[in-house]
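Note sheet for the following structure.
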Amino acid sequence: MLTYPMFIDGKSREPASGAWFPSHDPYRGTPWARIANGNSSDVDEAVEAAHRALTSGPWPELTASGRGALLCRLGDAVAANARRLAEIEVRDNGKLFTEMHGQLSYLPQWFHYYGGLADKVEGTVPPLDKKGYFAFTRKEPVGVVGIITPWNSPLLLLAWKLAPALAAGCTVVVKPSEFTSASTLELARVLDDAGLPAGVFNVVTGFGEDVGAPLVTHPLVRKISFTGSDSTGRNIGATAGRELKRVSLELGGKSPNVVFADADLEAAVNGVVSGIFAATGQTCIAGSRLLVQESVHDEVVDQVVKLAASARMGDPMAETTQVGPITTRAQYTKVLDYLAVAREEGAHAVLGGHPAERPECGDGWFVEPTVFTGVDNSMRIAQEEVFGPVLAVIPFRDEDHAVAIANDVRFGLGAGVWTSDIGRAFRMAERIQSGTVWVNTYRAVSYLTPFGGVKDSGIGRENGRHAIDAYLEDKTVWINTGAPAGNPFVLR
Ligand code: NAI
Ligand code: MG
């Protein structure tokens with residue numbers, strides 16, 4: 001068993017409580033690491049350290065260009081450690097090494113991109129409607145940022161928040177998921193070794209109520225950036241509203257993959273299968289509803305089932321494995337509960353529908369790739385986020401019908417459209433209510449393109465140049481260039 005203390009003010013820290021909790025390896029179903037069980041006094045220490053680093057010492061002394069250069073060095077350090085960090089993530093969340101190594105190898109781009117952006121943040125000189133004044137605006141860091149992350153892609157989703165926050169000049173306290181804290185603590189060491197000043201990046205581990213909640217309410221935390229479930233996001237948003245804190249929320253989805261009869265069906269089938277079975281369906285953008293035009297329904301379902309049935313399950317570290325375990329025991333139970341719900345609602349499992357009992361799955365938390373047909377969009381299996389390898393197939397007649405079904409859900413994160421008709425592609429992209437629409441592809445993301453949700457899928461956008469604004473405040477400075485202030489009772 002490895003032991004992971006917290007990371008506060010540039011140093012490893014034992015928890016104030018003296019208590020530790022286990023993190024599990026989902027492939028073996030056994031504990032592999034001890035994680036510090038933090039509480040509100042650890043949060044206080046970390047936030048105070050972040051606040052000191054924000055206002056004194058080397059960090060505020062850096063110019064924007066200096067911060068940018070440092071971010072680039074941090075990116076290089078992550079690149080040099082990509083394989084090791086990926087292996088830790090696989091151990092902790094059971095996702096495929098091929099996927100996690102891909103993510104970790106891509107992650108330095110966030111540091112490089114926002115490093116490049118750091119000294120391109122400019123204020124303005126607004127033209128004025130008054131004589132005898134000059135005004136300018138400056139962009140200032142919002143302050144200490146509280147970052148709360150989930151277990152599915154711990155470091156990638158952290159980087160989406162951390163890189164723009166640091167580029168803006170903020171300091172951060174991160175509360176990683178209690179299921180996957182190890183890689184964030186390893187990252188803290190990597191960033192520290194690469195020269196990030198003490199107190200700029202702090203990690204407090206522990207549970208949501210014990211660490212997440214006090215982080216959200218701490219008076220010195222000015223902004224919360226959260227990725228996770230919509231129920232926790234709603235809770236955090238309500239608290240942030242009461243405390244008047246800035247907040248960004250990246251929440252769940254029930255994203256449709258819409259396949260028209262005129263599509264390249266082989267490509268569509270590949271996209272549908274990767275949309276729901278990659279990452280074992282444990283991604284916010286999982287294409288968990290397959291909307292398929294009636295005339296090709298049977299053909300597409302047959303092909304999806306055939307391809308999904310061929311997926312090799314087992315050790316997530318093996319390059320040949322295509323579908324890994326479910327990350328947590330609670331999530332495993334939740335997925336199995338949804339399989340029962342879908343059956344009770346009258347859906348028909350044409351593939352899977354039960355835990356995987358393959359010898360290569362051992363004692364891990366594996367669920368067979370599952371495809372339900374006979375699904376009506378009003379069923380829970382079509383409306384609620386399962387976050388597992390479970391696809392709900394819903395037939396549609398025509399474009400209008402497809403749009404109506406696609407939008408008849410409270411989420412709006414992603415959507416796929418498969419068609420060879422260019423006009424239809426544009427129409428669908430316009431009419432579907434979601435933060436991202438992919439045409440004849442699925443799951444593409446980049447540091448260059450805004451990502452986020454509409455409706456219950458969240459508030460705010462990450463990635464792209466405007467994402468840095470979430471960590472900045474505008475300040476307006478007025479200068480009297482004319483007569484000294486005169487009559488105090490007249491507004492000028
Ligand atoms: P969660 O939303 O409860 O956890 C995410 C993070 O929030 C964790 O770090 C957790 O400790 C923290 N947290 C929990 N309660 C908090 C509170 N009161 N105040 C502040 N922070 C708090 O998600 P959980 O329980 O791990 O997974 C449950 C479901 O969430 C999944 O079944 C899935 O449907 C969804 N999910 C969605 C993700 C996404 O990327 N959109 C990622 C992970 C889970
Ligand atoms: Mg774990």
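The values are calculated or read from the model by the stated rules, or taken from the named source; none is laboratory data. Quantities reported herein were computed from a predicted structural model and do not represent experimental measurements. Methodologically, a virtual Cβ is constructed for each residue, glycine included, from the backbone with ideal geometry; neighbour enumeration extends over all protein chains shown. The area values use the complete protein model at the heavy-atom level, side chains included, leaving out ligands, DNA and RNA. Shrake-Rupley method; radii C 1.70, N 1.55, O 1.52, S 1.80 Å.
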task = Select from the stretch 359-386 the residues that are open to solvent by 50 Å² or more (accessible area, probe 1.4 Å) and over 28 Å from the mean Cα position of the chain (by Cα) and list them in ascending order.
result = PRO359, GLU360, GLY362, ASP363, GLY374, ASP376
task = Please specify each residue of the stretch 415-468 satisfying the condition of being without any contact (Cβ under 8 Å) to a residue 12 or more places away in the chain and either open to solvent by less than 40 Å² (accessible area, probe 1.4 Å) or closer than 19 Å to LEU249 by Cβ (or both).
result = GLY423
key: Residues (over 25 Å from the mean Cα position of the chain (by Cα), within 16 Å of ligand 2 (Cβ to nearest atom) and part of a loop (DSSP other than H, G, I, E, B)) located in the stretch 4-33   = ARG28
key: One residue from GLY233, GLY206 being within 16 Å of ligand 2 (Cβ to nearest atom) and at pLDDT 95 or above   = GLY206
inquiry  = For the stretch 313-324, which positions are in a loop (DSSP other than H, G, I, E, B) and in contact (Cβ under 8 Å) with a residue 40 or more places away in the chain?
reply    = GLY314, ASP315, PRO316, MET317, ALA318, GLU319, THR321, GLN322, GLY324
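For every residue, the table says whether it meets (1) out of contact with any helix residue (DSSP H, G or I) (no Cβ under 7 Å at 6 or more places or on another chain); (2) more than 30 Å from SER40 (Cβ to Cβ); (3) without any contact (Cβ under 8 Å) to a residue 12 or more places away in the chain.
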residue	(1), (2), (3)
GLN103	no, yes, no
GLY116	no, yes, no
ASP119	no, yes, no
GLY123	yes, yes, no
LYS130	yes, yes, no
GLY143	no, no, no
key: Residue count, the stretch 167-208 (criterion: within 19 Å of ALA49 (Cβ to Cβ), within 11 Å of ligand 1 (Cβ to nearest atom) and not hydroxyl-bearing (Ser, Thr, Tyr))   = 5
query = Can VAL200 be described as of a type in the set (A, V, I, L, M, F, W, C), more than 16 Å from ligand 2 (Cβ to nearest atom), open to solvent by less than 10 Å² (accessible area, probe 1.4 Å) and closer than 18 Å to SER40 by Cβ?
reply = no
message = Pairs please, first residue from the stretch 49-76 and in the same structural domain as ALA194 (by TED's automatic domain parsing), second anywhere and charged (D, E, K, R), Cβ atoms under 6 Å, 6+ apart in sequence or on different chains.
response = ALA49/ASP9; ALA64/ASP119; SER65/ASP119; GLY68/ASP119
task = Identify, from the list THR239, THR232, THR280, the residue that is in a helix (DSSP H, G or I), under 30 Å from GLY38 (Cβ atoms) and not assigned by TED's automatic domain parsing to the domain that holds GLY458.
result = THR280
note = Note on THR449: of the conditions (1) in contact with a Ser or Thr (Cβ under 9 Å, 6 or more places away or on another chain); (2) farther than 27 Å from LYS139 by Cβ, unmet is (2)
message = Exactly one condition in (1) under 30 Å from VAL403 (Cβ atoms); (2) within 14 Å of ligand 1 (Cβ to nearest atom) is false for LEU265; which is it?
response = (2)
ask   = In this structure, does GLU140 turn out to be over 14 Å from ALA467 (Cβ atoms), more than 12 Å from the chain's Cα centre (by Cα), within 16 Å of ligand 1 (Cβ to nearest atom) and of a type outside the set (Phe, Trp, Tyr)?
value = no
key: Residue ID - farthest from ligand 1 (Cβ to nearest atom), chosen from residues in the stretch 209-221 that are over 27 Å from GLY412 (Cα atoms) and either modelled with pLDDT under 95 or in contact with a strand residue (DSSP E or B) (Cβ under 9 Å, 6 or more places away or on another chain) (or both)   = LEU220
remark   = Every listed condition ((1) buried (at least 17 other Cβ atoms within 10 Å of the Cβ); (2) within 16 Å of ligand 2 (Cβ to nearest atom); (3) farther than 25 Å from LEU413 by Cβ; (4) not small (Gly, Ala, Ser)) holds for TYR332 save (3)
inquiry  = Could you tell me how many of the residues in the stretch 222-231 are within 7 Å of ligand 1 (Cβ to nearest atom) and open to solvent by less than 40 Å² (accessible area, probe 1.4 Å)?
reply    = 3
inquiry  = Among the residues of the stretch 121-135, what is the count of those that are open to solvent by 70 Å² or more (accessible area, probe 1.4 Å) and part of a loop (DSSP other than H, G, I, E, B)?
reply    = 7
ask   = If you check PRO164 against the conditions, is it more than 16 Å from ligand 1 (Cβ to nearest atom) and assigned to a loop (DSSP other than H, G, I, E, B)?
value = no
note = Of those in the stretch 222-269 that are hydroxyl-bearing (Ser, Thr, Tyr) and more than 30 Å from SER295 (Cβ to Cβ), the residue nearest to the chain's Cα centre (by Cα) is THR227
message = Can you tell me how many residues within the stretch 159-189 are within 16 Å of ligand 2 (Cβ to nearest atom) and within 22 Å of LEU251 (Cα to Cα)?
response = 9
ask   = If we scan the stretch 291-307, do we find a residue that is part of a loop (DSSP other than H, G, I, E, B) and surrounded by 21 or more Cβ atoms within 10 Å (Cβ to Cβ)?
value = no
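Just give me the residues in the stretch 232-259 being within 8 Å of ligand 1 (Cβ to nearest atom) and farther than 20 Å from LEU158 by Cβ, in sequence order.
Within the stretch 232-259, ASN235, THR239 qualify.
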Residue within the stretch 325-338 that is without any contact (Cβ under 8 Å) to a residue 12 or more places away in the chain, closer than 28 Å to PHE179 by Cβ and small (Gly, Ala, Ser) present = yes
